[in-house]
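The block underneath contains the structure these notes are about, expressed in structure tokens.
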Amino acid sequence: MPIEYYFSLALVMFLCGVCGVLFRRNILFVLMSIELMLNAVNLVFVSGSTFLKNLDGQIMVFFVITVAACEAAVGLAMVIALFRRYGTIKSEFFRILRG
Amino acid sequence: MGLTSSELPFIVDLIATLSKIVVVFLIGLNVPPIMLWVERRVPALMQRRRGPNRVGFFKWRLWGLFQAVADAIKLIFKEEAVPAMANKWFFHLGPVFSVFPAFLVLSAMPFGEYIEVMGYQISLVAVQVNVGFLFILAMAGMAIYGVALSGWASTSKYTLLGALRASAQMISYEIPLGLSLIPIALVYNSLDLTEIVKGQSHFWQWGIFLSPLSFIIFLVCMFAETNRTPFDLAEAESELVVGFHTEYGSTKFAAFFLGEYVSMFALSLLCSILFFGGWHLPLLSRENLINLTGSVNLAALVGVGVLFLKAAFFMFLYVWVRWTVPRFRYDQLMKLGWKFLLPLGLANIAVTAGILALNF
Amino acid sequence: MSDQLVFWGLAGFITLSSVAVVTVRNPVTAAVALVINLFLLAGVYAFQGADFVAAIQIIVYTGAIVVLFLFVIMILNLDPEHLRSPRPRIWEHLVLGVVIAGFAYIGYRFLDSLDVGKVASNRLPDNTYDVAMILFSNYLWPFEIVSILILLAIVGSVAIAKKPK
């Protein structure tokens, strides 16, 4: 399997994630799209590691998965706190930083 | 590149793998009826009563074994009611998530070393995974979705609460389960289940003697992962109106119980593989067995029988504990998992690693 | 031949589930689509011989992170009607499709011209052992820092999500 097929698959996943972050009006979906992007990057790392016969890519994946877990946990805690404070998690309500 | 790493020619490998998958599937399907019978007769005999022994076939009662058949027929013919506001997709999909991880775990278990058919050595694992019990931990994680999705899809407050509690319990006990298996990997130097059993060929090398604390932790987590008493708060008949599978009728209810019994069987097999020597008899080594029976296939068959006997003991233990020990309250359960078993598991790893490092 | 079949099957379903995560309106459906996506991605990792990473992906990502998503959806007891994003306008769908197709095509042509050759055709033997050897020797320092990071994340998320007294 030529490596560019794997890279194209990762590209498609990453783009779905980007479109999800841009077009979704709900914070939970935005967080899910961010996870999708992180997984696309993981796929690139693993494919590169298999191609170059170097295990550093897989170590990087190990760390990316761990940091993504931390980020998801903190992000979801914030979603819970926001829901408790504002009663909604639609992103159009969170405009304080919007100048 | 291929997914198989064996030396067999492709067509032999294909036929062997397909037949092993079918055999494992049939074994998995046959366990719940037997367990249904055990679940009723054994506690009855323990409580000095008879249990169901009326269902018969031409005056041939067979100690109530036909009761399981009658149960199955009844469950199939019951009416299945779907709640009106339920999410149709997830309502029908919930039991699937409960059943399929159990069968996947069963497919990764080794039942023996190998048999020889027509000159080819065929290993007795349906799916050869190099990461052995990490795969099993992964499937235990997938089983959570069955509980969570089916409880949520029924759109009833009781089922949602039951589902949340049950899935929180399963997640909490997955961690000590994994932690208790790490010392086993340390002691036997491999993650592959076949290698671990090969390392237990002598009686004194059994897992329970080399790592007793992890056996205790594993036993407790085994009960918690399958939602069995004393940890069955989420699905008990008197709590929360049966919990997350209240709204499920005939075949889906049967599917949940199929998933539960198959995962009980899979975890019992895992327990006997990791801690009790798998398919090795205590005092008879494999070479002696091959010499005694004169054939590798017969020795493998004896090994499979021994493995099933050990797993059957643990299934009996499941039923025995169910009717002996009272139920934990939910906060006691969570406290046990997080505040007691987790530090114990970590200490176990540290002590085992320390002992191994000092010896070599 | 079987390699092609496995790869195209996995890739097709991964693409479908990625698009599903981004387009469906019900959050639980999106979470289940994410689960399918991550599970199949672990299959791709195993296909390339990275068994340990595949197992870790299933245990951590599908078995813990997405379950966390599901818990939040259920605990907040969000009414599906309340949660449902407004029906995306048709131009959003079109933009999504065109962008994905365009970039995938451009990416493929660009990468095709790089002449990078085939992915290694032999499975790395005993992946777990090799990964562990490197992780605990070269990467010991990041490993310890990441474990402190996890501790901080746990304490932080509990502190943020606690009910105010």
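Observations
- The simple spin-label model puts a point 7 Å past each Cα toward its Cβ; for B:LEU161 and A:PHE94 those points are separated by 3.1 nm.
- Taking amide H atoms as placed 1.01 Å from N in the peptide plane, the amide H of A:ASN26 lies under 5 Å from those of A:SER91, each 5 or more residues away in sequence or on another chain.
- Euclidean distance of C-alpha centroids, region B:184-222 and region C:91-107, integer Å: 52
- Placing dummy labels 7 Å off each Cα toward the beta-carbon, the span from B:MET46 to C:LEU152 is 5.0 nm.
- Relative contact order of chain B, taken over Cα pairs closer than 8 Å and 6 or more residues apart, is 21 percent.
- Derived scalar couplings ³J(HN,Hα) [region C:22-33; Karplus, 6.51 cos²θ - 1.76 cosθ + 1.60; whole Hz; x for Gly, Pro]: 7, 10, 6, 9, 8, x, 5, 4, 5, 5, 5, 5
- Cα-based Rg of chain B normalised by 2.2 N^0.38 Å, two decimals: 1.04
- Overall dimensions of region B:63-155 by Cα: Rg and Dmax, Å: 19.0, 59
- Under the Debye formula (equal points on every Cα, no solvent term), log10 I(q)/I(0) of region A:24-90 at q = 0.16, 0.20, 0.26 Å⁻¹: -0.61, -0.79, -1.04
- Taking the square roots of 5 times each eigenvalue of the Cα gyration tensor of region C:2-92, largest first, gives ellipsoid semi-axes of 28, 18, 7 Å.
- For B:TRP152, the solvent-accessible surface with a 1.4 Å probe is about 40 Å², rounded to the nearest 10.
- Amide H partners (placed H, <5 Å) of B:ALA126, local residues excluded: B:MET109
- Karplus (6.51, -1.76, 1.60) ³J(HN,Hα), θ = phi - 60°, over region B:18-26, in Hz, Gly and Pro reported as x: 4, 5, 5, 4, 5, 4, 5, 4, 5
- Available extension along the chain between B:ALA81 and B:ILE15 is 19.6 nm, counting 0.36 nm per residue and deducting the alpha carbon span.
- In chain B, the sites counted are GluC sites (Glu not before Pro) in DSSP loop states with at most 15 other Cβ atoms within 10 Å, and the longest stretch holding none of them, exclusive of the sites, is B:81-236.
- Mean-position separation - Cα centroids, region B:17-38 and region B:64-121, in angstrom: 9
- Note on B:VAL96 and B:VAL127: the extension gain reaches 9.1 nm, defined as 0.36 nm multiplied by sequence separation minus the Cα-Cα distance.
- Taking the longest Cα principal axis of chain B as reference, the axis of helix B:157-188 is set at about 10 degrees.
- Distance between region B:331-353 and region A:1-52 - C-alpha centres, whole angstrom: 36
- Based on Cα contacts under 8 Å between residues 6+ apart, region B:271-339 shows a relative contact order of 33 percent.
- Here, the protein assembly as shown yields an orientationally averaged convex hull projection of 32.9 nm² when only Cα atoms define the hull.
- For A:32-38, mean number of other protein chain Cβ atoms within 10 Å: 5
- Helix axis angle, B:132-153 relative to chain B longest principal axis, alpha carbon, degrees: 10
- Residue by residue, region B:90-99 carries 3J(HN,Hα) couplings of 6, 4, 7, 8, x, x, 4, 5, 7, 8 Hz when phi is fed to the Karplus relation 6.51 cos²θ - 1.76 cosθ + 1.60 (θ = phi - 60°); x denotes Gly or Pro.
- Sequence-distant residues sharing a close amide H with B:GLU113 (under 5 Å, placed H): none
- Structural descriptor for region A:24-90: relative contact order 41 percent, calculated from alpha carbon pairs under 8 angstrom and at least 6 residues apart.
- Dipole magnitude (debye, nearest 20) for region C:2-92, charges at Cβ of Lys, Arg, Asp, Glu: 280
- Listed pairs B:LYS157/C:LYS165; B:LYS198/B:LYS310; B:LYS335/C:LYS162; A:LYS90/C:LYS165; B:LYS88/B:LYS157; B:LYS157/B:LYS339 exceeding 20 Å between Cα atoms: B:LYS157/C:LYS165; A:LYS90/C:LYS165; B:LYS157/B:LYS339
- Those residues of region A:5-35 whose amide nitrogen sits under 14 Å from the label point placed on C:LEU76, 7 Å along Cα→Cβ: A:25-33
- Debye, to nearest 20: dipole size of chain A, +1 on Lys, Arg Cβ, -1 on Asp, Glu Cβ: 580
- Cross-link partners of B:LYS74 among lysines (Cα-Cα below 21 Å; sequence separation of 8 or more within a chain): B:LYS59, B:LYS252
The values are calculated or read from the model by the stated rules, or taken from the named source; none is laboratory data. Since this is a predicted model, take the numbers as computed values, not measurements. Glycine gets a Cβ as well: all are built from the backbone with ideal geometry, and neighbour counts include every protein chain shown. Areas reflect the complete protein model, heavy atoms only, side chains present, ligands, DNA and RNA absent. Shrake-Rupley method; radii C 1.70, N 1.55, O 1.52, S 1.80 Å.
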